[in-house]
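K.L.:
Structure below; questions to follow.
Just so you know, all these numbers are worked out from the coordinates, no wet-lab data involved. None of these values were measured; they are calculated from a predicted model. Cβ placement follows ideal geometry from the backbone for every residue including glycine, while neighbour counts extend to all protein chains displayed.
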């Protein structure tokens, strides 16, 4: 199973986006957190910044929309250059319609679950999504502590994906570091968002390699 590392640029130096993206050019994706100060109590970058990032990024952009009304906004992030767009189950009105719209635009469609949101309602409709994001912190702020009780939900998700025979990626986001990535990989994740672990390390490029090899060594069989 391929293990993918998607560093979150939330912790990078925004005055030098090109240079900061270049540091992680060995990663699989660049994870861009979009927050609207409504769905989550924080505000981060939006469409114009995603547009500039997608012009200079050496790797594809994965947008995580922590916003209200993704039914209207998500397709615009594909137009802005995102190759993967993940919206929240708790915020979306018509998830299947939106996922189909994103796919029709040529992007990967992901659905994200806050820690308290169960995976069970999605199990029968897994084929509508390219990725399920299991949040391992409450969304909204970087640098939070990993919630290890989410591993049970992760295992259930991995079992459902394996049983379906579909190629649905399982992403984890929140508190992913050298200390937690092995547990998340063992529990069934294959795509890992790491923010501060990468950008606060001395060498972001080397940290991406370390995290990927830790995930590969512990991946769920």
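K.L.:
Based on the Cβ-Cβ distance of residue 76 and residue 182, what FRET efficiency does E = 1/(1 + (r/R0)^6) give at R0 = 45 Å, to the nearest 0.05?
P.N.:
FRET efficiency, residue 76 to residue 182: 0.75.
K.L.:
How long is the gain from residue 90 to residue 216 if the chain were fully straight, where each residue apart is worth 0.36 nm and the alpha carbon distance is subtracted?
P.N.:
Full-extension gain reported as 42.2 nm.
K.L.:
Can you compute the modelled spin-label distance between residue 104 and residue 138, with each label point 7 Å from Cα toward Cβ, in nm?
P.N.:
Each label point is offset 7 Å from its Cα along the Cβ direction, giving 3.7 nm.
K.L.:
Taking 7 Å along the Cα-to-C-beta vector as the label spot, tell me the residue 1-residue 13 distance in nanometres, rounded to one decimal.
P.N.:
The modelled label-to-label distance comes out at 3.7 nm.
K.L.:
Oh, and also: Find the centroid of the Cα atoms in segment 1-59 and in segment 142-168, then give the distance between the two in whole Å.
P.N.:
With segment 1-59 and segment 142-168 each reduced to a Cα centre, they are spaced 23 Å.
K.L.:
Something else now. Where both residues lie in segment 4-218, what percent of DSSP beta bridges are antiparallel, nearest 5?
P.N.:
Values: 1 of 33 bridges.
Just about 5 percent of them are antiparallel.
K.L.:
Let me ask something else. Each label point is 7 Å from the Cα along the Cα-to-Cβ direction; what then is the distance between the points at residue 162 and residue 147, in nm?
P.N.:
Placing both labels 7 Å along Cα→Cβ, they lie 2.5 nm apart.
K.L.:
Which of 85, 161 comes first, and how do the rest follow, when ranked by fewest Cβ neighbours within 10 Å?
P.N.:
Lowest to highest Cβ neighbour count: 161, 85.
K.L.:
Starting from 0.36 nm per residue, how many nanometres of slack lie between residue 155 and residue 47 once their C-alpha separation is accounted for? Working shown, then result.
P.N.:
Numbers: separation 108, 0.36 × 108 = 38.88 nm, distance 3.39 nm.
Value of the extension gain: 35.5 nm.
K.L.:
Can you bin segment 66-143 into rounded, prolate or oblate? Criterion: square roots of the alpha carbon gyration tensor eigenvalues sorted a ≥ b ≥ c, rounded for a/c under 1.5, prolate for a/b above b/c, oblate for the rest.
P.N.:
Values: a/c = 1.76, a/b = 1.23, b/c = 1.43.
Here segment 66-143 falls in the oblate category.
K.L.:
Counting other beta carbons within 10 Å of each residue's own, what order do 213, 6 fall into, fewest first?
P.N.:
Result, fewest neighbours first: 213, 6.
K.L.:
Here's a follow-up. Would you mind ranking 167, 190 so that the residue whose beta carbon has the fewest other beta carbons within 10 Å leads the list?
P.N.:
If I rank by nearby Cβ atoms, fewest first, I get 167, 190.
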